[in-house]
1. Of the residues that sit in the stretch 247-304 and are within 12 Å of ligand 1 (Cβ to nearest atom) and part of a strand (DSSP E or B), which one is nearest to residue 109 (Cα to Cα)?
2. Please determine whether any residue of the stretch 170-190 is more than 16 Å from ligand 1 (Cβ to nearest atom), among the basic types (Lys, Arg) and surrounded by fewer than 18 Cβ atoms within 10 Å (Cβ to Cβ).
3. Check the stretch 222-233 and report whether any residue there is touching a helix residue (DSSP H, G or I) at 6+ places or on another chain (Cβ under 6 Å) and within 16 Å of ligand 1 (Cβ to nearest atom).
4. Would you confirm, using the coordinates I've provided, whether residue 26 is within 23 Å of residue 104 (Cα to Cα), touching a helix residue (DSSP H, G or I) at 6+ places or on another chain (Cβ under 8 Å), outside any helix (DSSP H, G or I) and within 13 Å of ligand 1 (Cβ to nearest atom)?
5. Run residue 243 past the list (1) out of contact with any helix residue (DSSP H, G or I) (no Cβ under 7 Å at 6 or more places or on another chain); (2) away from ligand 1 (no atom under 13 Å from the Cβ) and report the number of the one that doesn't hold.
6. Those residues that are buried (at least 23 other Cβ atoms within 10 Å of the Cβ) and either β-branched (Val, Ile, Thr) or more than 24 Å from the chain's Cα centre (by Cα) (or both), I need them from the stretch 52-68; list them, please.
7. Checking residue 243 against (1) in a loop (DSSP other than H, G, I, E, B); (2) among the charged types (D, E, K, R); (3) within 26 Å of residue 301 (Cβ to Cβ), which test does it fail?
8. Give all pairs with beta carbons closer than 7 Å in which a residue from the stretch 8-22 that is more than 16 Å from ligand 1 (Cβ to nearest atom) meets a residue that is of a type in the set (Ser, Thr, Tyr); count only pairs at least 6 apart in sequence or on separate chains.
Amino acid sequence: MKLLAIESSCDDTAAAVLDDGEVRSSVVASQDGIHGAFGGVVPELASRTHVRALVPTIERALAGAETTLDAIDAVAATCGPGLVGSLLVGLSAAKAIAFARRLPFVGVNHLEGHLLSVLLDRPVAFPYVALLASGGHTALYLAEDFGQYRGLGNTRDDAAGEAFDKVAKMLGLGYPGGRAIDEMARRGDPRAIRFPRARLKVRNGSRRLDFSFSGLKTAVWLHVREHGADTGAQPDVAASFQEAVIDMLLGNAFAAVRQSGAERLVIAGGVSANSRLRVRALAEGADLGIEVVIPSLRYCTDNAAMVGFAAFHRLRRGESDPLTLNASATLELGR
Ligand code: KG4
Ligand code: ZN
């Protein structure tokens, strides 16, 4: 079964072709250059850019898979959560193709795409704990099977990626800033500045698995205000900030594995591309006897292959969606 998948929930226009769940092509047209000057994604600009980029991106995905629309058996698109104007572009296109060609249509939860993205690289047995850390979300789930996800914890304020982006802005590193911090931190000392780590209170004898990054963000801001952003100490600020984020992410993620009784941890979403997070997660998992799996870099950040993969498994279970399905900015995942 050949499936065309579209992802347009934020500022990347992406299309992919999958054949029986195997990726045949995956194309991502990034809008990084467009929003950089504004220090963050401008929703109206994002949706207009999706309109311009979508058809060429779909054409590149079809060509990359050496196929045409005539051979496509089903169409999928992200229907939420995300920027509603951005979501509507990809979703409307997918529904239009499905309607015109009388094909089954699937609307995919973007978060489910991220949670399953690691399975594009290799098989991972359920159940697993998934840490999803991206620009819009930072949450922990127990993935029990395809389509069965239980929420274990969430951020109370910012997402981890958002904190990376804001600190990058304070340091004048541009947008999006996660990768720039990652690179700069390699030259810094992660123990140079002791930034605070939020640890939420214990509840019913077990640790709370929620996150909070706003105190850390304020601490970095105060530090930069006091010492100035434009000094040789920048790599130390980047490394010390990054270390604090990773401590909080991994502390809760490994606690979630222990509390849930699962044996493995999956880390997904844009922040899982972070080189220090990847190294530390694998090393600490090995020490704790917990298997840690992280997607290859191309599947960490937003892409349509993960959307197609989630859609394929819904179709396999006999599920599809009506063409009346709407975009939802705040779509949730799991019980
Ligand atoms: O998953 P994603 O592409 O989009 C959302 O669904 O939000 O995640 C984007 C986020 C951005 O905040 C970006 O700064 C962050 O992931 N990111 C990183 C790295 N690469 C991307 N954060 C830390 N280190 C990285 N190497
Ligand atoms: Zn994402």
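1. 268
2. No, the conditions are met nowhere in the stretch 170-190.
3. Within the stretch 222-233 (the criterion being touching a helix residue (DSSP H, G or I) at 6+ places or on another chain (Cβ under 6 Å) and within 16 Å of ligand 1 (Cβ to nearest atom)), the answer is no, since none of the residues qualifies.
4. no
5. Residue 243 satisfies all of (1) out of contact with any helix residue (DSSP H, G or I) (no Cβ under 7 Å at 6 or more places or on another chain); (2) away from ligand 1 (no atom under 13 Å from the Cβ) except (2).
6. 57, 58
7. Checking residue 243 against (1) in a loop (DSSP other than H, G, I, E, B); (2) among the charged types (D, E, K, R); (3) within 26 Å of residue 301 (Cβ to Cβ), the one that fails is (1).
8. 17/25; 17/67
The values are calculated or read from the model by the stated rules, or taken from the named source; none is laboratory data. Everything numeric in this text was worked out from a predicted model, so none of it was measured. All Cβ positions, even for glycine, are placed from backbone atoms using ideal geometry, and neighbour counts span all protein chains on display.
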